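Have a look at the structure below before the remarks.
The values are calculated or read from the model by the stated rules, or taken from the named source; none is laboratory data. What you see is a predicted model, and the numbers here were worked out from it, not measured in a lab. So basically every Cβ, Gly included, is an ideal-geometry build from the backbone, and we count neighbours across all protein chains shown.
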Amino acid sequence: MKFRPLHDRVVVKRVEEEGKTKGGIIIPDTAKEKPMEGEIVAVGPGARDEKGNLVPLDVKKGDRILFGKWSGTEIKLDGQDLLIMKESDIMGIIESSASMKKAA
């Protein structure tokens with residue numbers, strides 16, 4: 001199934017954190033919190049301003065983002081747990097060290 005969000009909404013797949021601390025302690029599933037980090041799966045075309053012009057989103061498919069703990073609406077598409085949220089719920093884009101080295 002293909003799904004395309006409308007307006008300034010994005011579809012996000014949560015990125016699962018490792019179940020072990022740096023010290024080697026294994027964290028059980030019952031003690032884990034939902035990750036606040038995810039990867040964008042799909043983006044809408046953008047929002048409209050007061051004049052009716054389309055304002056494109058700052059994020060794109062494949063971006064790794066950080067979002068609020070209670071952000072978005074949980075859905076299940078093709079057996080995958082996903083979130084739909086507005087672009088304003090996104091706190092920022094996580095840039096990998098490889099892309100930061102290219103910029104320098």
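Being closer than 18 Å to R4 by Cα and of a type in the set (K, R) is the filter here; which residues of segment 47-95 pass it? Passing the criteria: R48, K60, K61, K76, K86.
The residues of segment 51-78 include none that are under 15 Å from the mean Cα position of the chain (by Cα), over 25 Å from E95 (Cα atoms) and part of a loop (DSSP other than H, G, I, E, B). So V12 passes all but one of these: (1) modelled with pLDDT under 80; (2) in a strand (DSSP E or B). Which condition number does it fail? With respect to (1) modelled with pLDDT under 80; (2) in a strand (DSSP E or B), V12 is out only on (1). Which of the residues belonging to segment 80-96 are more than 16 Å from V15 (Cα to Cα) and outside any helix (DSSP H, G or I)? K86, the sole residue that qualifies.
Only residues that are closer than 17 Å to F67 by Cβ and at pLDDT 65 or above were counted in segment 35-56, giving 9.
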